[in-house]
1. Give me the number: length gained by fully extending A:Arg202 to A:Ala15, i.e. 0.36 nm times residue separation minus the C-alpha to C-alpha distance, one decimal in nm.
2. Net charge around B:His37, counting only other residues with Cβ within less than 14 Å of its Cβ (Lys, Arg = +1; Asp, Glu = -1)?
3. Magnitude of the Cβ-charge dipole of segment A:156-241, K/R +1 and D/E -1, about the Cα centre, nearest 20 debye?
4. Can you compute the charge dipole magnitude of segment B:99-217 about its Cα centre, using +1 on each Lys and Arg Cβ and -1 on each Asp and Glu Cβ, nothing else charged? Give it in debye, rounded to the nearest 20.
5. Looking at chain A, I'd like the Rg to Rh ratio, where Rg is from alpha-carbon atoms and Rh is Kirkwood's inverse mean 1/r.
6. Mind pulling the per residue volume of the convex hull built on the Cα atoms of chain B? Å³ is fine.
7. From the Cα gyration tensor of segment A:1-153, with a ≥ b ≥ c the square roots of its eigenvalues, which class applies: rounded if a/c is under 1.5, or else prolate if a/b is larger than b/c, or else oblate?
8. Once the dipole of chain B is set up with Lys and Arg at +1 and Asp and Glu at -1 on Cβ about the Cα centre, which of B:Gly141, B:Gly58, B:Gly83 lies farthest towards its positive end?
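We did not get these values from a lab; they are worked out from the coordinates using the rules stated. On a predicted model such as this, the values are computed, not experimentally measured, just so you know. In this analysis, Cβ positions are derived from the backbone assuming ideal geometry, glycine residues included, and neighbour counts consider all displayed protein chains.
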Amino acid sequence: MNLRLKAAIAVAKSAGSLSKSLGRGSGETLPGRILLALCPDAISLLSASRVIILVSGTNGKTSTTKELVSQIRTVGTVVTSGSGSNLTRGVAGALMQDSVFAVLEVDELHLPEVVAETNPAIVLLLNLSRDQLHRMHEVKRVAARWHEMCKAADPSTLFVADIDDPFVNFAITGAASAIRISFGGATGGRHPDGAVCPACGRYLDWINGKYACECGLSNAYADHLYDQGSAGYRNFVMASHVADIAGVHNALSNIALRSDYRAMERATEKVFAGVKARLRLTKNPASWDEALTGVTGDNVILILNAREVDGIDTSWIWDVSFESLRGKKVVVTGERGIDLAYRIHVAGIENILVATFDQAIGHFGIGSVEVLAAYTAFFELAGR
Amino acid sequence: MTLKIVRIHNELLGTYGDQGNAEVLAYRAGLAGIGTHVVDISYRDVIPHDGDIYLLGGAEDAAQILSCAALSSGALHGAVEKGAVVLAICAGFQILGKNFFANGVEQRGLGLLNMTTVPGDKRYVGDIKVHSDLLGIDLTGFENHGGKTILGSGLDNFGRVIVGNGNGDSGVDGAVLGNIFGTYLHGPVLARNPEFADLLLSRAHGAPVKVDDALADQYAQLRRKVVK
């Protein structure tokens, strides 16, 4: 390791522990930020001597990365980025420690930069759909960047992709090496944003989750074909493929029969004021649809915020069908709770709008409630 | 009387949540005792010419080109001649003009509005507030587009910009011609501005429609207060 890099890491690490001891945040992104300031090429220098595996996509990045880390730990030491710190500073921070493998969650827009700097062995591309449009602008724009990234990547980099998502499939058409995985079609019969072929701009007709454009972009032929399933299951299968390639024994054996993926669904249980709450993260139309499918009880709290990472525009809530909540007891809260309360009011679903989560919980006495929470609200409640 | 609300190409023009405009119209009409029938027309369908209200939403570039091509058959022109109400948002609004840019190339629009849209100097993203002289109130929404729309003669603007950009740097947003309303406001615009929904219903119904819905008013007032 060169001296300049060594010195930069020493400074960054001590700043991180100082910040932690002063109680200024978790100290997760600060060291990475300092490291990059002192040594701008730190990411590429620190990547050179290890196996880099990157995970990106609109939904499921964090849980898939966690799953992958736990599998790869069985064959070697692993460093990973902290939950949600998926920009370059998070990547730099994670790489400060020595390891054989680095498994890193990377933000969709930052992925091309991180691929170029780390020269990864494997890149797992999960999915692309509408999210934080104030920042992403268009789904197609992100897919086009990924496409250029795949073209520019070193031929030794292997892309593992869910081709039922046409945006992901288009991205890897530029890759020298790729593994194309299909689950027999997109969940729900079509990709919600997939009306236009991202490769050529023609109208894309969907039949039972399948598409086959005149230009050749299609999910009809895959390297590996699996049964349909939840988003958690799909991501688990994809992670297991990556683990298999990385040398994990039996990563793919009996995969269709396993249920380990249930742990990947980003849900956590906590008790608030005597009420058992099952928290689920909901941040865009695709994740709301997925979370609503999982609501089995009759008591529901919905939380909507609109901070930067939640997406500052709430218009997309009108693209989520809340029909499945009809007849349940629904309490709405959050900084933009009124947006959501009005949206489901128009859908004819009775609800109570309250100012705080504690007031919302107060509506349920004892018992249990399912909480569908915006990104920032989820982490705030999970950390309470 | 039942109002026929035609939601055009939602799979193409549904990127920014504008499909909610149809739901708001149907809901408020219901509260006013007016029946509605929302018809979804996809790209492969023939566009009916007997609709009372036509809705077009925001879209990505490639989708905007496809939708415009499908609309160039003239069904919308026919409906407009018969006095139908049209609400067009963002990319859907641009389509109504003489020309617009998509995928970096100039495209021919439907020519229903004497206006043209060119690429802006930047992307206009954020909360927007405009004052509508027609309604006599401020309206709020969220804009997210890269187009600069230049209005020609014979068009009124939809609103004077108080916060945000609207048509670009001209200080106005959208366009109005008879029963055609175009704007850059997402939100959806009718969810955040119930008075505008009632105006469209009044035009389509041929008599004043005024709906009381306390939650809608509370929501609208809150947005008008915080967007500044």
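1. 62.1 nm
2. Result for the local shell: -2.
3. Numbers: 5 positive and 8 negative charges, 4 e Å.
That gives segment A:156-241 a dipole magnitude of about 20 debye.
4. Values: 9 positive and 14 negative charges, 76 e Å.
With Lys and Arg at +1 and Asp and Glu at -1, about 360 debye.
5. 0.97
6. Working: hull volume 23.7 nm³, N = 228.
Enclosed volume per residue, from the Cα hull, is 104 Å³.
7. Taking the square roots of the gyration eigenvalues as a ≥ b ≥ c, segment A:1-153 is prolate.
8. The Cα lying farthest towards the positive end belongs to B:Gly141.
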